[in-house]
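Take a look at the structure below.
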Amino acid sequence: MSQPTSSRSSPAEAFTAAISGWPPPVLDPHGPFSNTVTTLAWVLIALVTLIFVLVCAALWVALYGSDELRAKLGGEGVVKWFGLIVPAGVLFLLLAWGTTMVAGMTTIMGDELRMRVSGNIYWWRVSYLDAAGKEIHADANELHIPVGRPVVVEMVSEDVIHSFWVPKLGGKMDMIPGRTNRLKLQADKAGVYGGQCAEFCGGAHSLMGFVVVAHEPAEWQRWFDARLTPPPAAAPIGADVLRGSQLFTEVGCAACHRVAGTSAQGLSGPDLTHVGSRQSLGAGILPNTRGTLIGWIGDSQSIKPNNRMPAYRSLQAAELGALAAYMESLK
């Protein structure tokens, strides 16, 4: 996860920039909440190092120091103070300060953008919510947020325990079945940021990623408004796209996936209404291109083993190309 790229970057370039580079994302905060986590981490590292040195020094004096040295340092008192009392006091103060410092990462003020993210094996269901908590836009594996505005993410799980983590933008929070947890994110700079499931959830856990795209406020509003406007009914489509839309129903894709405005209303898989405009495929693991679409549709199991999408190895190359063309048209 490197420096975020401009929103004008191609999907492949943006995806590559989001998941690679230096410094590591945990040391490169791009928002107030991630900055809090980074500050806390550096203080913790410094104090733990100090405590380690003090304990080692006290242990060395106790085991190898001369009687004269131990007498000068206060005898057994040095071990009690620097081996027990001082470390315990430092850790207590760190706990109190850290608890106070991170309290704002979950405090709801009321002016935040509200979203809900549901963890699934091995993908993310994304919902944009109104003030009453009602879904007004559905997406998958990608979050779009405005720069400079805090976002409250409600986190739930639909199967096992997952953990939601965008290192550059905020802290880490578990997603537990039957429970709703909340975490705040904020980006101070437009760009593409990589996220990851940080709790082992099965064989393809390491391949359960996602992307957060931060827009300038006006650009984000245009993006959001466009998602609420249904596509024109008479929009021209090519032969490949038409064939792909037919295959989408014929081979059973519509049973698992939803495409707004069509008969495809499946809910067990990611919403594909705007899949053609996403930065990545396969829950943040592939750039969204024609080639990767064909590969994912044809044999997703070889790319992400044990995911819930079957491999369509029986489809011919032309059929895979038509399905990919249809996916690309869904913007």
Quiz prompt | Built amide H within the under 5 Å cut-off of Glu142, gap 5+ | solution = Val211
Quiz item: Given H placed 1.01 Å from N in the peptide plane, which residues other than close sequence neighbours of Val147 have an amide H under 5 Å from its amide H?
Solution: His215, Glu216
Self-check item: Inter-label distance, nm, simple model (7 Å from Cα along the C-beta direction), Lys72/Ile85
Solution: 2.2 nm
Exercise. With r as the distance between the Cβ atoms of Ser302 and Ala46 and R0 = 35 Å, compute the FRET efficiency 1/(1 + (r/R0)^6) and round to 0.05.
Key: 0.15
Self-check item: Counted charge near Thr249, where neighbours are those whose Cβ lies closer than 15 Å (Asp, Glu -1; Lys, Arg +1)
Solution: 0
Quiz item: Among all the lysines, which ones have a C-alpha under 30 Å from Lys331's C-alpha, if same-chain residues fewer than 8 places away are not counted?
Solution: Lys134, Lys168, Lys184, Lys189, Lys304
Quiz item: Bin by bin, in steps of 20 Å, what percent of the Cα pairs in the chain do you find, going until the bin that has the longest distance?
Solution: 28, 47, 17, 7, 1
Quiz item: Computed FRET efficiency, Cβ-Cβ of Asn181 and Glu135, R0 25 Å: what is it to the nearest 0.05?
Solution: 0.85
Exercise. Quick one: divide the alpha-carbon radius of gyration of the stretch 226-320 by 2.2 N^0.38 Å and tell me what you get.
Key: 1.09
Self-check item: HN-Hα J in Hz across the stretch 181-186 - Karplus 6.51, -1.76, 1.60, θ = phi - 60°, x for Gly and Pro
Solution: 9, 10, 9, 9, 10, 7
Exercise. Could you state the orientation-averaged shadow area of the convex hull built on the Cα atoms of the stretch 33-105, in nm² to one decimal?
Key: 4.8 nm²
Quiz item: Most fluctuating residue of Val275, Val53, Val213 in a GNM of the chain with Cα springs under 10 Å: which is it?
Solution: Val53
Exercise. Specify the angular offset, from 0 to 90 degrees and rounded to the nearest 10, of the alpha carbon long axis of helix 32-64 from the longest principal axis of the alpha carbons in the chain.
Key: 30 degrees
Quiz item: Sorted by mean Cβ packing within 10 Å, highest first, what order do the peptides 119-129, 309-319, 184-194 take?
Solution: 184-194, 119-129, 309-319
Quiz item: Using helices alone, what [θ] at 222 nm do you get for the chain, with -39,500 (n - 2.57) per DSSP H run of 4 or more residues, divided over all residues and rounded to the nearest 500?
Solution: -11500 deg cm²/dmol
Exercise. Please identify, among Pro305, Pro150, Pro167, the residue showing maximal mean-square fluctuation in a Gaussian network model of the chain using a 10 angstrom Cα cutoff.
Key: Pro305
Exercise. Run the quick spin-label model on Asn35 and Glu250: label points 7 Å from Cα toward the beta carbon, then report their separation in nm to one decimal.
Key: 5.6 nm
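Nearest 0.05, what FRET efficiency do Val53 and Leu27 give at R0 = 25 Å with Cβ-Cβ as r?
Once rounded, the FRET efficiency stands at 0.65.
Coordinate-derived values only; no laboratory data. All values derive from a computational prediction rather than experimental measurement. No Cβ is skipped: glycine too gets one built from the backbone with ideal geometry, and neighbour counts run over all protein chains shown.
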